[in-house]
Amino acid sequence: MNTRFWIMRVCQLIAGRFPGPFYHVAARIARITFRLRPGLRRKLIRNMEPFAGGDAPLAERLARRCLENVCRYYVDLCSLPHRRMETFEEDHLELVHGERLAALQDAGPVVAISAHTGNAELAIQALTYRGRPFVALVEALRPAKFARYMRKLRSSTGGKFYEANFQGIRACIETLHSGGLVGFMGDRDLQGNGLCTKLSGRCVRLPRGPWEIARKTNAMVFPIFTSRVDGDRFVVYVEEPFRVRRSENEESDVAEAIERFAALLEAHLQRDPGQWAVTENFWKAHSCG
């Protein structure tokens with residue numbers, strides 16, 4: 001029996017319909033988990049160290065906030081089948097530089113690249129109601145029954161989610177060729193073939209796949225970052241859209257795009273590190289150079 005599967009099923013029936021109070025419950029569960037799981041606590045604190053300036057108590061507070069946001073993310077997921085996504089942007093999102101989204105009205109493929117801050121996945125799904133079909137890649141989960149359930153849950157508002165494998169990549173390219181929108185996360189190198197770049201003074205691997213696909217399809221790239229304000233209210237930061245350069249040197253073009261994204265990511269992490277909902281030891285798992 002898969003415990004996570006049944007917990008999510010039960011939560012979907014209850015918290016999914018009445019998410020408001022369960023965001024507070026999720027935060028309380030996170031604080032208890034933070035105390036009871038020292039291994040996880042150490043990983044989260046290490047992730048926050050570059051933003052705490054040597055202040056150990058601050059790193060711990062940021063780490064605890066991170067776990068609270070992770071737990072709230074699961075309330076978001078449970079609530080998806082019950083959301084009215086056509087009004088979610090108006091009711092729950094505050095856009096910063098939202099005027100840049102006007103470029104979505106132009107013909108041609110669009111790639112939205114974000115990071116695990118706030119809940120970019122939810123925000124990007126809401127923005128697809130501006131008239132673009134939406135496809136995204138997600139991390140492979142185990143067991144398979146739980147993975148299928150999570151993909152179905154994520155796809156319940158109209159977008160399509162695929163595992164980051166050959167089938168998923170093909171679906172992304174086909175969507176872009178038909179003028180759709182594809183969402184990627186640019187802060188975790190799940191395939192292990194990323195390029196080295198500097199992030200917060202450390203050398204880490206960031207994924208190359210999103211940028212190779214954006215370059216191949218000449219898609220307009222929208223870097224989008226989110227911060228959770230409270231419960232299911234978010235601020236969405238829309239950075240300047242751009243295209244990946246297409247010179248004779250593909251490796252250089254991709255590296256340039258990754259460096260540009262890393263600079264944006266670092267600025268948002270410095271602004272509010274506790275929004276970064278990454279539970280692995282990021283600096284160790286993605287270290288390079």
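So the values come out like this:
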read-out	value
Candidates A63, A115, A52, ranked by Gaussian network fluctuation over the chain, Cα under 10 Å, top entry	A52
Gained length - R245 relative to I7, 0.36 nm times residue gap less alpha-carbon distance	81.2 nm
Cleavage-rule hits (trypsin sites (Lys or Arg not before Pro)) in the stretch 1-110: DSSP loop, at most 11 neighbouring Cβ within 10 angstrom	R84
Fluctuation leader among G108, G54, G20 - the chain, Gaussian network, Cα springs under 10 angstrom	G54
Rough spin-label spacing in nm, given labels placed 7 Å along Cα→Cβ, for F18 and L190	3.4 nm
Max mean-square fluctuation residue, GNM over the chain, Cα-Cα springs under 10 Å, options T33, T175, T197	T33
For the stretch 85-285: lysine pairs under 25 Å (alpha-carbon distance), excluding those fewer than 8 apart on one chain	5
Three-way shape label, the stretch 85-285, alpha-carbon gyration tensor, a/c 1.5	rounded
Length released on extending from H177 to A267, taking residue separation times 0.36 nm less the Cα-Cα span	29.2 nm
Amide proton proximity set for A164, modelled H, under 5 Å, gap of 5+	V138, A140
Relative exposure of S178, S287, S156, judged by other C-beta atoms within 10 Å (fewest first)	S178, S287, S156
Length released on extending from L141 to A285, taking residue separation times 0.36 nm less the Cα-Cα span	50.1 nm
For A115, residues with placed amide H under 5 Å, excluding near neighbours	G186, T226
Sites R148 and T87, calculated FRET efficiency, Cβ-Cβ separation with R0 22 Å, nearest 0.05	0.15
Proxy reagent accessibility, fewest Cβ within 10 Å first, across V235, V182, V204	V235, V204, V182
Neighbour-count ranking [beta-carbon atoms within 10 angstrom, fewest first] of T3, T87, T226	T3, T87, T226
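Here, each number is a calculation from the coordinates, and none is a lab measurement. The structure displayed is predicted, hence computed values, not measured ones. We place every Cβ from the backbone using ideal geometry, glycine too, and count neighbours over all the protein chains shown.
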